[in-house]
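Presented below is the structure to which this report refers.
The values are calculated or read from the model by the stated rules, or taken from the named source; none is laboratory data. Since the structure is predicted, the reported quantities are computational estimates derived from the model, not experimental observations. Don't worry about glycine lacking a Cβ; one is built from the backbone with ideal geometry, like all the others, and counts go over all protein chains shown. Surface areas here come from the heavy atoms of the whole protein model, side chains and all, with no ligands, DNA or RNA. Shrake-Rupley method; radii C 1.70, N 1.55, O 1.52, S 1.80 Å.
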Amino acid sequence: ETGVTQSPTHLIKTRGQQVTLRCSSQSGHNTVSWYQQALGQGPQFIFQYYREEENGRGNFPPRFSGLQFPNYSSELNVNALELDDSALYLCASSFGQGPYEQYFGPGTRLTVT
Amino acid sequence: AQRVTQPEKLLSVFKGAPVELKCNYSYSGSPELFWYVQYSRQRLQLLLRHISRESIKGFTADLNKGETSFHLKKPFAQEEDSAMYYCALSGPRGAGSYQLTFGKGTKLSVIP
């Protein structure tokens, strides 16, 4: 059984640039959620995808967007990067629509300068 | 709005002492509640969820709907329990939205 993987591990971008983060869900999982974790804070929900459809969105501006592909992998795109976007971005996968255990990836550390 | 509060940022206990990590929540209805743990250099993982009523690694958590609390307890702390602990809630089955709302976390340090 393959766990959740994320790429890249870390990256540095300049304010105003765009970034794409990638996530491969655990084998057999069809739901992917993205979270932003700022230093010293708990993860904050960005959005969730179930079978390629967005199924819930947190309090993040439209410049945060996502996709889920037919193989249930996912991308998080952030446009017009701001300094406050610097954080650890976590992807989590689960099976089905429900309050089930979510399996987390190791995260992508994004630094915006 | 749903919210999770973990009042202690850091909790230090001696090995063998009882542990209680506090968690209070705010939610309109009956949420699903979880404790997630992150050990050093490992990813975030589920420790337990209230619906399963399991005891994992000696930890238990009781849901108190009157006090809207879901405190995590262990009678005798072990050094390997040192980690970051996050309380989280989700909408119940049928809610349509199953995002996890996390608290800020409590770092547990077990002193040998």
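Descriptive notes on the structure:
- Computed FRET value (nearest 0.05) for residue B:14 with residue A:73, which takes r as the C-beta separation and R₀ as 45 Å: 0.50
- Taking the inverse of the mean reciprocal distance over all distinct Cα pairs, the Kirkwood hydrodynamic radius of region B:31-112 comes to 13.5 Å.
- Estimated inter-spin distance, residue A:51 and residue A:15, nm [label 7 Å along Cα→Cβ]: 4.4
- For residue A:55, residues with placed amide H under 5 Å, excluding near neighbours: A:48, A:49, A:50
- In terms of its Cα atoms, the protein assembly as shown spans 50, 39, 36 Å along the principal axes, sorted from long to short.
- Residue A:103 accessible area, 1.4 Å probe, all protein chains in place, Å² to nearest 10: 80
- Averaged over A:39-48, number of beta-carbon atoms from partner chains that fall within 10 Å: 5
- For region B:38-52, 3J(HN,Hα) per residue [Karplus equation, 6.51 cos²θ - 1.76 cosθ + 1.60, θ = phi - 60°, Hz, x = Gly/Pro]: 10, 7, 3, 6, 10, 7, 5, 9, 6, 9, 7, 9, 5, 5, 7
- Rh (Kirkwood; distinct C-alpha pairs) - chain A, Å: 13.9
- Residue B:107 - accessible surface, heavy atoms, 1.4 Å probe, Å² rounded to 10: 110
- Shielding by other protein chains, A:84-93, mean Cβ within 10 Å: 1
- Residue-wise HN-Hα couplings along region B:12-23, as the Karplus relation 6.51 cos²θ - 1.76 cosθ + 1.60 with θ = phi - 60° gives them from phi, are 10, 9, 7, 4, x, 7, x, 10, 9, 9, 8, 8 Hz; Gly and Pro carry x.
- With a 1.4 angstrom probe, the accessible area lost at the B-A interface totals about 1800 Å².
- Per-residue mean of C-beta atoms belonging to partner chains within 10 Å, peptide B:103-111: 1
- Note that chain B presents 52 Å² accessible area per residue, ligands and nucleic acids not counted, probe 1.4 Å.
- Charge-dipole axis of region B:8-97 as Lys and Arg at +1 and Asp and Glu at -1 on Cβ define it, positive-most pick from B:61, B:90, B:11: B:90
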